[in-house]
Amino acid sequence: MIDALIFSANAVLPIVLLIVLGYVLKRIGMLSREFLDVGNKLTFRVLLPAMLFYNVYQIESFSEISPVFVLYGIGMVLVIFGLAVAVTCAFTNDGAKRGALIQAMFRSNYAIIGIPLATSLFGDEGAAAAGVMSAFCVPMFNMLGVITLSIFNGKGEKGKINVPKILLGIIKNPLIIGTVAGLAVLGVRELFIMWNIEFRFSDVSFLYKSLENVKSICTPFALIVLGGRFEFSAVSRLWKEIVFGTVIRTVAVPILGLAVAYFFIPGLSGEHFATYIGVFATPVAVASAIMANEMGADGELAGQLVVWTSLVSTVTIFVYVTILRAIGIF
């Protein structure tokens, strides 16, 4: 048990400490609100797409992708999305709050916390598996987010599905663009291998090295900005929604996603479970609050859910990792 606790601490605490650093720097005045707003946009529009492109390109070959591993991740996200819509519609009649809560339940902070956590838990194998899953889950999270906020918002549009608007939101999403671009370049590489062409994107050293540098600063910068954006306002007014969304995101969803995988899905290994922790157990994506503000949902509630799920998940992730370590998964 001591070994499991140490293992969990070494995997989770470096991420937590960077978030704490951002919060402290904001409190002592080193990070201004303007800097954090710009940093958030930089992360969402440049750093995260670059990291996702790089991680997808690191996939050795399409043939190495485990269909069971990917299909379970995709299928369970869709199941969670359906359950989220049902329980949220039963919980509140407020369309704007519904949009924020539904996102909180199915949309994890996979890109910023999930991928580095999988890497921390299972090294290069964890990073590779997380990269594979990012090619599928990140576009799905963003597409479902656009669909959710197009239907559930505070603009009086509940129940009206504007298909062109939804498609445009999906096409313009930077995270989807980064992931799709990575898949496209990976596909070209596969064709070059088939045609015995030796040239690779990584052979353009100055460009590839620049991409690596951008990718390397993404996680620490994004976590520091996340910590700096922590705000503890509006808790008394929104406490019911905060508790509801936080408990489902940090407890119900991870237990469902990990337990079904452990008991019913054969052939999964440690790196797969490290990735599933990133998909199911990490807090609400920072991008969900940005999108909620832009698309007319309750941005204040969405921001609070990012904060509180991030705080609570520092404990719950530790517990899940410890349990999986104790039963021999890691």
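The values are calculated or read from the model by the stated rules, or taken from the named source; none is laboratory data. Everything numeric in this text was worked out from a predicted model, so none of it was measured. When we count neighbours, we look across all protein chains shown, and the Cβ atoms used for this are built from the backbone with ideal geometry, even at glycine. Side chains are part of the model used for accessible areas, which takes the heavy atoms of the whole protein and leaves out ligands, DNA and RNA. Shrake-Rupley method; radii C 1.70, N 1.55, O 1.52, S 1.80 Å.
Things worth noting here:
- Matching residues, segment 267-284, being in contact (Cβ under 8 Å) with a residue 60 or more places away in the chain, open to solvent by less than 10 Å² (accessible area, probe 1.4 Å) and either within 17 Å of the chain's Cα centre (by Cα) or at positive phi (or both): ALA274, THR275, TYR276, ILE277, GLY278, VAL279, PHE280, ALA281, THR282, PRO283, VAL284
- Segment 203-224 - residue that is without any contact (Cβ under 8 Å) to a residue 24 or more places away in the chain and either touching a Phe, Trp or Tyr at 6+ places or on another chain (Cβ under 7 Å) or of a type in the set (Asp, Glu) (or both) and, of those, most open to solvent (accessible area, probe 1.4 Å): ASP203
- Residues that are in contact with a helix residue (DSSP H, G or I) (Cβ under 9 Å, 6 or more places away or on another chain), over 15 Å from CYS137 (Cα atoms) and of a type outside the set (Gly, Ala, Ser) within segment 61-93 comprise PHE62, GLU64, LEU83, VAL85, VAL87, THR88, CYS89, PHE91, THR92, listed in sequence order.
- Inside segment 27-48, residues that are hydrophobic (A, V, I, L, M, F, W, C), surrounded by 13 or more Cβ atoms within 10 Å (Cβ to Cβ) and in a helix (DSSP H, G or I) make up a count of 7.
- Being closer than 30 Å to LEU211 by Cβ and in a helix (DSSP H, G or I) is a condition met by no residue of segment 78-94.
- Residue-level analysis places ILE197 among those that are outside any helix (DSSP H, G or I), of a type in the set (Val, Ile, Thr) and over 26 Å from the mean Cα position of the chain (by Cα).
- Some residue of segment 58-81 being crowded, with 23+ Cβ neighbours inside 10 Å and either modelled with pLDDT under 90 or under 15 Å from PHE152 (Cα atoms) (or both): no
- Residue within segment 171-181 that is modelled with pLDDT of 85 or more, farther than 19 Å from ASP298 by Cβ, in contact with a helix residue (DSSP H, G or I) (Cβ under 6 Å, 6 or more places away or on another chain) and small (Gly, Ala, Ser) present: yes
- Residue check, ILE151 hydrophobic (A, V, I, L, M, F, W, C) and under 27 Å from ASN93 (Cβ atoms): yes
- Any chance ILE242 is part of a helix (DSSP H, G or I), over 28 Å from PHE122 (Cβ atoms) and either open to solvent by 30 Å² or more (accessible area, probe 1.4 Å) or among the β-branched types (Val, Ile, Thr) (or both): yes
- Condition check for ILE323: of a type outside the set (Lys, Arg), open to solvent by 40 Å² or more (accessible area, probe 1.4 Å) and more than 21 Å from ILE147 (Cβ to Cβ): yes
- Matching residues, segment 98-132, being of a type outside the set (A, V, I, L, M, F, W, C) and in contact with a Leu (Cβ under 6 Å, 6 or more places away or on another chain): GLY99
- Filter pass, VAL260 being in a helix (DSSP H, G or I), surrounded by 13 or more Cβ atoms within 10 Å (Cβ to Cβ), of a type outside the set (Asp, Glu) and in contact with a Cys (Cβ under 8 Å, 6 or more places away or on another chain): no
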